[in-house]
Amino acid sequence: MGAGPVTQAIHLPALATVRDYFTVRKVMDTDLKVAQAVADRAGAQATTSVSAVLEDPAVEVVAICSPHAFHAEQTIAACRAGKRAVLCEKPLTMSIPQAEEVAAVSAATGVPVIVGTMHSYDSAWEWAAKQWGHLEGSAHTIRSSIILPPNERFEDFSTEVTSRVEPLPVNTADANVRASIAHLGVMAVGMHNVPHLRSFLPSEAAVNVHHARGLLPPFGYDVFASAGDCQLDLLCYMYDTWHPKWTFEAIGDSRALRIEFTPSYVKAGSATATIFERDQSTTCVRTASNGYVKEWLHLYELALKKREPTALSAIVNDLRFAMNLAHSVADVILQEENHS
Amino acid sequence: MSSNLARTVWLDPTLNHLAGQSTLSSLPQSLLQTTDRFSAAFVVLNGQRRNWTELYPPSATTSTIVVDPQLGSLPSRMQPFVLDSPWAANPGCSTFAGQLQTADWQFGECCTIAPLSEDPKQVLFRAASLLRACGLPLSSIEVLFGSATGLAAQAQSGDHPVRISISLTAAALHRMSVRAFTATGAITGEFDDPDLSQPARISITDRSGTLLLPTIWETGHRAAWKRALTDASANDAPGSFKDQQLITEAFTRKETP
């Protein structure tokens, strides 16, 4: 559902690598031309109707890639339609009550729901989490540094995008707009590292933003925060560079983890992760499957009940953390700009 | 300093840690060691010694190298000295500064991972020295978050914001890195163990790609010696004092509600 660049450049290419597990049956978009063009490419049927997807018994798994505002409604509808599993692109919903409702419906219907934070499924992260052992409270510094060229460049590396929507002009002279852009940056990009970050934080630790600055153009943020005793150093900058560099570091008293993720969209294999100790370091090998492919394989196992679903409460808590962070970042940007 | 007559150097005997060994191993062969600090042409002082400023200067004609001065130890009126800071003395710094001079950069970043035994304030002092040597002298610092294992600070270098992140660990990945973001890329400096001659990696990323500038397999200690021997105007005292003052004031503000 939703046949924009995420479907075209991420999910259909990922699904093409797991044809033994999945067949694309329907592509739904409110724009029939887009739906048709994308469906033709995948050998699927096009539709503009949500119910046509949900009522089709041949559709067993649904991926929600529509605009954020529709995520909650469509995920709940897919669960109630009795699908085997649902993948919802991030963010799961636009509010916590909506997310709690999704969790409740998922539990009541027994339909597992996962969120498309693909780096959570990356084999390098899975390796690192297993090697590290107990994560919670074991790092005193977390650094997430996401330097990316504009998305369009990587969409074009991945596929030919049909009917790309031009971004609306925004008045970046307005502090409220800049704060909103940083908020979007946290929810749309920073969200990818939230599951990793939260794994290391004490479960009840509230986030406290000490400094935030919006980075333009087109967006990004420069944030220093803390949660409990843990220092959070968060940088995201999407700008006119060719050189992507996406790193996540967790640093503890005697151990440190560094993960170098591949950029979004492209099928560049897994991340690489290194765990440093006092006198040695261990690095996992890069595997051919990236987080998107692993995400689909995870969904396959959930759909066939070969794997126990992860409690949605963890996903809701990730969302709560990201929303609190994004709101605080926007507030601090406005405060600092008003102050200066 | 062109005479071949024996020139003498007095090495602070408390420099017995790795930095001292590295300083000694890079001692120019034209210098002879002496135990008489007052007659020496060069003195090398251990800036980590609590009372090092009392040993300084032995005479007006002495050239002085100060190794890793401790934060809070610099008096406001200092005689000239060459700073042998673990990171700022790295010869890659001048390469970085040269590139930065002609770049239209927007904001900077300094990320540090230092040994767990260090004091984060002292590491911040070294980071400020590194930034100064790389052409981003700090004009203000605000400490945002601090603990025994790290700190975060927001600084300005002129009109440019500079983010500083320091983290301490016993894990073996100690490094300092500096990035200055430009409209189409960045100038990046990655500095490894300061007592080894592993070269800093200074690179420029722009539309045409990433260029790794020639590497220099020289320790900061050796580079400090070379400056002391060849650069008569070398004087890092004012900059170091300024950095120290900014950091001290920043911590005073942070600790005063």
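The values are calculated or read from the model by the stated rules, or taken from the named source; none is laboratory data. None of the values given here were measured: they were computed from a predicted structure. When we count neighbours, we look across all protein chains shown, and the Cβ atoms used for this are built from the backbone with ideal geometry, even at glycine. Just so you know, the surface numbers come from the protein's heavy atoms only, side chains and all, with ligands and any DNA or RNA stripped out. Shrake-Rupley method; radii C 1.70, N 1.55, O 1.52, S 1.80 Å.
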*Relative contact order of the range A:163-268, defined on C-alpha pairs under 8 angstrom at six or more residues apart (%)*: 17
*Could you quote the convex hull projected area for the range B:115-201, Cα atoms only and averaged over all directions, in nm²?*
6.2
*Mind listing the phi-derived Karplus ³J(HN,Hα) values for the range A:106-116, rounded to whole Hz, using 6.51, -1.76 and 1.60 with θ = phi - 60°, and x for any glycine or proline?*
4, 5, 5, 8, x, 9, x, 10, 10, 10, x
*Accessible surface, 1.4 Å probe, highest first, among residues A:Val102, A:Val24*: A:Val24, A:Val102
*Cut-off under 5 Å, modelled amide H: who pairs with A:Ala46 long-range*: A:Val27
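Determine, from the Cβ-Cβ distance of B:Gln245 and B:Leu55 and an R0 of 22 Å, the FRET efficiency 1/(1 + (r/R0)^6), rounded to the nearest 0.05.
So, using R0 = 22 Å, E works out to roughly 0.50.
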*Out of residues 5 or more away from B:Val162 or on other chains, whose amide H comes under 5 Å of its own, with H placed 1.01 Å from N in the peptide plane?*
B:Gly108, B:Ala155, B:Gln156, B:Ser157
_For a 30 Å ceiling on Cα separation, which of these pairs sit above it: A:Lys26/A:Lys245; A:Lys90/B:Lys254; A:Lys33/A:Lys305; A:Lys245/A:Lys294; A:Lys130/B:Lys121; A:Lys245/B:Lys254?_
A:Lys26/A:Lys245; A:Lys90/B:Lys254; A:Lys33/A:Lys305; A:Lys130/B:Lys121; A:Lys245/B:Lys254
*Using only alpha carbon pairs under 8 Å that are at least six residues apart, calculate the relative contact order of chain B and give it in whole percent.*
20
_Whole-percent carbon and sulfur share, accessible surface of the protein assembly as shown, 1.4 Å_ = 51
*Which whole-number percent gives the relative contact order of chain A, counting Cα pairs below 8 Å spaced six or more residues apart?*
21
*asked:* With +1 assigned to the C-beta of every Lys and Arg and -1 to the C-beta of every Asp and Glu, and no other charges, what is the dipole magnitude of chain A about the Cα centre in debye, to the nearest 20?
replied: 800
*Using the Karplus curve 6.51 cos²θ - 1.76 cosθ + 1.60 with θ = phi - 60°, work out ³J(HN,Hα) for each residue of the range B:210-217 in order, rounded to whole Hz, and write x for Gly and Pro.*
10, 10, 8, 6, x, 8, 10, 8
*With label points built 7 Å along Cα→Cβ from the Cα atoms of B:Asn235 and A:Glu60, find their separation and express it in nm.*
8.0
*Once fully extended, how much extra length lies between A:Asp240 and A:Ala205, figured as 0.36 nm per residue of separation less the alpha-carbon to alpha-carbon distance?*
9.0 nm
*From the phi of every residue in the range A:87-96, what ³J(HN,Hα) in whole Hz does the Karplus formula 6.51 cos²θ - 1.76 cosθ + 1.60 yield, where θ is phi - 60° and glycine or proline is x?*
10, 10, 4, 6, x, 4, 8, 9, 8, 5
*Taking the Cα centre of the protein assembly as shown as the origin and placing charges on Cβ (Lys, Arg +1; Asp, Glu -1), which of A:Gly291, B:Leu24, A:Ser120 is farthest toward the positive end of the dipole?*
B:Leu24
*Rolling a 1.4 angstrom probe over the protein heavy atoms, how many square angstrom per residue are accessible across the protein assembly as shown?*
43
*log10 I(q)/I(0), Debye, Cα-only the protein assembly as shown, no solvent, q = 0.06, 0.11 Å⁻¹?*
-0.37, -1.03
_Spin-label model distance (nm) - B:Asp119 vs B:Asp159, 7 Å beyond Cα toward Cβ_ = 3.7
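If you count, for each residue, the other Cβ atoms within 10 Å and average over each peptide, how do B:84-94, A:40-50 line up from highest to lowest?
So the order, starting with the most tightly packed, is B:84-94, A:40-50.
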_Cut-off under 5 Å, modelled amide H: who pairs with A:His211 long-range_ = A:Phe224
*Work out the mean other chain Cβ neighbour count within 10 Å for the residues of A:226-233 and drop it here as an integer.*
5
*Nearest-0.05 FRET efficiency for A:His327 and A:Ala129, computed from C-beta distance (R0 30 Å)*: 0.60
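Treating only the Cβ of Lys, Arg, Asp and Glu as charged (+1, +1, -1, -1), what charge dipole size does the range A:181-340 show about its Cα centre? Round to the nearest 20 debye.
For this selection, approximately 720 debye.
If each residue of separation counts as 0.36 nm, what is the full-extension length gain between A:Glu152 and A:Lys306 once their alpha-carbon separation is subtracted?
51.8 nm
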*By how many nm would the segment from A:Glu336 to A:Ala314 grow when fully extended, if each residue of separation counts as 0.36 nm and the alpha-carbon distance is taken off?*
4.7 nm
*Return the Cα extents of the range A:292-340 along principal axes one, two and three, sorted largest first, each rounded to a whole Å.*
56, 22, 9
*Sticking with the crude label model, points 7 Å out along Cα→Cβ, report the distance from B:Gln29 to B:Ser208 in nm, one decimal please.*
4.0
*So how do B:Thr14, B:Thr34 rank on accessible area, 1.4 Å probe, biggest first, that is with the largest at the start?*
B:Thr14, B:Thr34
*In chain B, which whole DSSP H runs stretch at least 18 Å along their own axis (Cα) and average -0.5 or higher on the Kyte-Doolittle scale?*
B:120-133
_B:Thr215/A:Met94 FRET efficiency (R0 60 Å; Cβ-Cβ; nearest 0.05)_ = 0.75
